[in-house]
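Encoded as structure tokens, the structure appears first; notes follow it.
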Amino acid sequence: MRSFDRAADEMRPVTLTPHVMKNAGGSCLAEFGDTRVLCSATIEDGVPAWRKGTHAGWVTAEYAMLPAAGTRRTPREYKGRKGRSMEIERLIGRSLRAVTRLDKIEDLTVTIDCDVIQADGGTRTASVTGAWVALYEALMARVNANKLNRLPLTGQVAAISMGVVGGELLLDLDYPEDSHADVDMNLVGTDTGGIVEVQGTGERALLDRGQLNDLLDMGQAAVARLVDIQNQVTGFRG
């Protein structure tokens, strides 16, 4: 029996709630079952020093898990000790930049903060999915304030986890499934069916080509459903 009494190819209940932070340029609470990630977007003038002279802006991300987000308290991460978090925030940044016209946000930096307030598997995929909503909100606010001529997004991006657990192909792993997975994968995709990134690891078993194809088919169908949910809360039509 899977959590929420769902089938192998079924996601947990997903809720994306925008406008949850008063002072952020854009924000979204992403809930994938019992996983909850608070995503916020801040737009600031200027770009990193290495970016100057490129006539293009920048989109970056920071990710953190609150100490009591998991079943055990985890120490806060400070600058200089951010192994896993650094990997995830780079993934979030790459994913968002894949659908952003950086040349249309010249001399602006957008920082996405993803803070996990409750973890039950899939925190990075929930972060990517909620981060796009926060990014959309922040950029759309600039458009509405006549600070941008048009929305500098080429489309949407969302992410989902998949894996093989006990020989069975499963979608959207919760923590008990993820911690016992034979194969663990994450897929980042766009609203047009494009693939931004695939992360996959054989934890306890090998993955054959047929299984890989089946997992990707399962994941891309889920990304399409997540894009629909994003549309419902933002009204975005690319």
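When 214, 208, 172 are checked against the criterion of being over 30 Å from residue 21 (Cα atoms) and in contact with a strand residue (DSSP E or B) (Cβ under 8 Å, 6 or more places away or on another chain), a single residue qualifies: 214. For the residues 42, 54, 17, 71, the requirement of being assigned to a strand (DSSP E or B) and surrounded by fewer than 16 Cβ atoms within 10 Å (Cβ to Cβ) singles out 17.
May I ask you to verify whether residue 130 is over 21 Å from residue 44 (Cα atoms), at pLDDT 95 or above, crowded, with 23+ Cβ neighbours inside 10 Å and not β-branched (Val, Ile, Thr)? No; evaluated as a whole, the condition is false for this residue.
Taken over the range 89-143, the criterion of being part of a helix (DSSP H, G or I), touching a Pro at 6+ places or on another chain (Cβ under 7 Å) and of a type in the set (A, V, I, L, M, F, W, C) is satisfied by 133, 139. Among the residues making up the range 105-127, those that are closer than 19 Å to residue 51 by Cα and either surrounded by 18 or more Cβ atoms within 10 Å (Cβ to Cβ) or in contact with a strand residue (DSSP E or B) (Cβ under 9 Å, 6 or more places away or on another chain) (or both) are 105, 107, 108, 109, 110, 111, 112.
Kindly check whether there is at least one residue in the range 76-97 that is touching a Leu at 6+ places or on another chain (Cβ under 9 Å), under 25 Å from residue 151 (Cβ atoms) and surrounded by 16 or more Cβ atoms within 10 Å (Cβ to Cβ). Can you show your working first?
Taking the range 76-97 and keeping what is touching a Leu at 6+ places or on another chain (Cβ under 9 Å), we get 76, 96.
Going one step further and asking which of them are under 25 Å from residue 151 (Cβ atoms), we end up with 96.
Still in the list and also surrounded by 16 or more Cβ atoms within 10 Å (Cβ to Cβ): 96.
Looking for residues that are touching a Leu at 6+ places or on another chain (Cβ under 9 Å), under 25 Å from residue 151 (Cβ atoms) and surrounded by 16 or more Cβ atoms within 10 Å (Cβ to Cβ), one finds at least one in the range 76-97, hence yes.
Have a look at 188, 165, 183, 233 and point out the one that is within 15 Å of the chain's Cα centre (by Cα) and not polar (S, T, N, Q).
On the way: 165 fails: within 15 Å of the chain's Cα centre (by Cα); 183 fails: within 15 Å of the chain's Cα centre (by Cα); 233 fails: within 15 Å of the chain's Cα centre (by Cα).
Of 188, 165, 183, 233, the one residue that is within 15 Å of the chain's Cα centre (by Cα) and not polar (S, T, N, Q) is 188.
For the range 185-208: of the residues being among the charged types (D, E, K, R) and at pLDDT 95 or above, which is farthest from residue 236 (Cα to Cα)? Please lay out each step first, then the result.
The first filter runs over the range 185-208 and keeps only residues among the charged types (D, E, K, R), leaving 191, 197, 203-204, 208.
In the following step, the residues that additionally are at pLDDT 95 or above were identified as 191, 197.
Numbers: 191: 11, 197: 23 Å.
Here the answer is 197.
The values are calculated or read from the model by the stated rules, or taken from the named source; none is laboratory data. What you are looking at is a predicted structure, and each value in this text was computed from that prediction instead of being measured. Quick reminder, even Gly has a Cβ in these numbers, built from the backbone with ideal geometry, and neighbours come from all protein chains shown.
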